[in-house]
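Derivation of every value follows stated rules applied to the coordinates shown; laboratory data play no part. Not measured: the values here are computed from a predicted model. Here the Cβ positions follow ideal geometry from the backbone for every residue, glycine too, while neighbour counts run over all protein chains shown.
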Amino acid sequence: MLGGRLGDVLGRRRVLLLGTTPFGAAGLAPWFAGLVAARPLQGAGEAIALPAAMAMIVLMFPEGSRRSRRWIFLVSVPFILVVLLAAVLLVPSERPAEPAPMDLPGSLLLIAAPLLFTLGVIEAGEADSAMAYLDLV
């Protein structure tokens with residue numbers, strides 16, 4: 001909300017630049033602790049820049065085929081190819097001496113628990129939501 005309003009008041013281009021700059025600069029920290037400390041700065045920067053970027057896309061490109069985002073998925077292809085090639089050439093092949101069994105119930109629980117927690121937080125504000133869930137039990 002703040003990033004969108006700042007874009008309306010200060011100008012979308014300016015807010016995009018103001019948000020993206022700390023996002024990129026935070027990645028230049030020379031040591032690990034600096035990178036960890038800079039993560040909130042990156043999040044805040046992009047939280048400000050993203051609404052401006054989305055607004056500019058909507059305003060600059062009319063609806064229809066010009067606004068199609070299908071091409072954006074091609075941006076990652078060169079990076080994926082480099083990672084795959086580097087993994088094949090540089091990372092040694094390995095096999096564990098004793099393969100451990102998969103913990104499928106634990107894996108499903110690690111997926112379900114955050115999702116259900118998020119659903120609970122979202123639905124907590126709804127007046128009838130608690131009663132609807134109690135009816136299911």
Point-charge dipole on Cβ atoms (K/R +1, D/E -1) for the chain, about Cα centre, debye to 20 = 980
Residue ranges of DSSP H helices in the chain that stretch 15 Å or more (Cα, own long axis) and have mean Kyte-Doolittle hydropathy of at least 0.5 are 32-60, 76-90, 104-123
Net charge contributed by nearby residues that have their C-beta within less than 13 Å of Thr20 (K/R +1, D/E -1) = +2
Counting Lys and Arg as +1 and Asp and Glu as -1 over every other residue whose Cβ sits under 15 Å from the Cβ of Arg5, the net charge comes to +1
Using 1/(1 + (r/R0)^6) with R0 = 41 angstrom and r between the beta carbons of Arg13 and Ile80, what's the FRET efficiency to the nearest 0.05?
-> 0.85
In percent, how large is the relative contact order of the chain, given Cα pairs closer than 8 Å and 6 or more residues apart?
-> 19
To the nearest 500 deg cm²/dmol, what mean residue ellipticity at 222 nm is calculated for the chain from DSSP H runs of n ≥ 4 alone, each contributing -39,500 (n - 2.57), summed and divided by the residues?
-> -23000 deg cm²/dmol
Residues in the range 11-35 that a label on Leu59 would reach, taking backbone N under 17 Å of a point 7 Å out along Cα→Cβ | 11-20
If we count other beta carbons within 10 Å of each Cβ, what is the order of Glu94, Glu46, fewest first?
-> Glu94, Glu46
Which label belongs to the value computed from this structure, given these candidates for P(r) over Cα pairs in 5 Å bins from 0, in percent: (i) 2, 8, 14, 17, 16, 13, 11, 8, 5, 3, 2, 1, 0, 0, 0; (ii) 2, 11, 21, 23, 18, 11, 7, 4, 1, 0; (iii) 2, 8, 8, 7, 10, 15, 16, 13, 10, 7, 3, 1, 0?
-> (iii)
Nearest 0.05, what FRET efficiency do Ala97 and Ala47 give at R0 = 35 Å with Cβ-Cβ as r?
-> 0.15
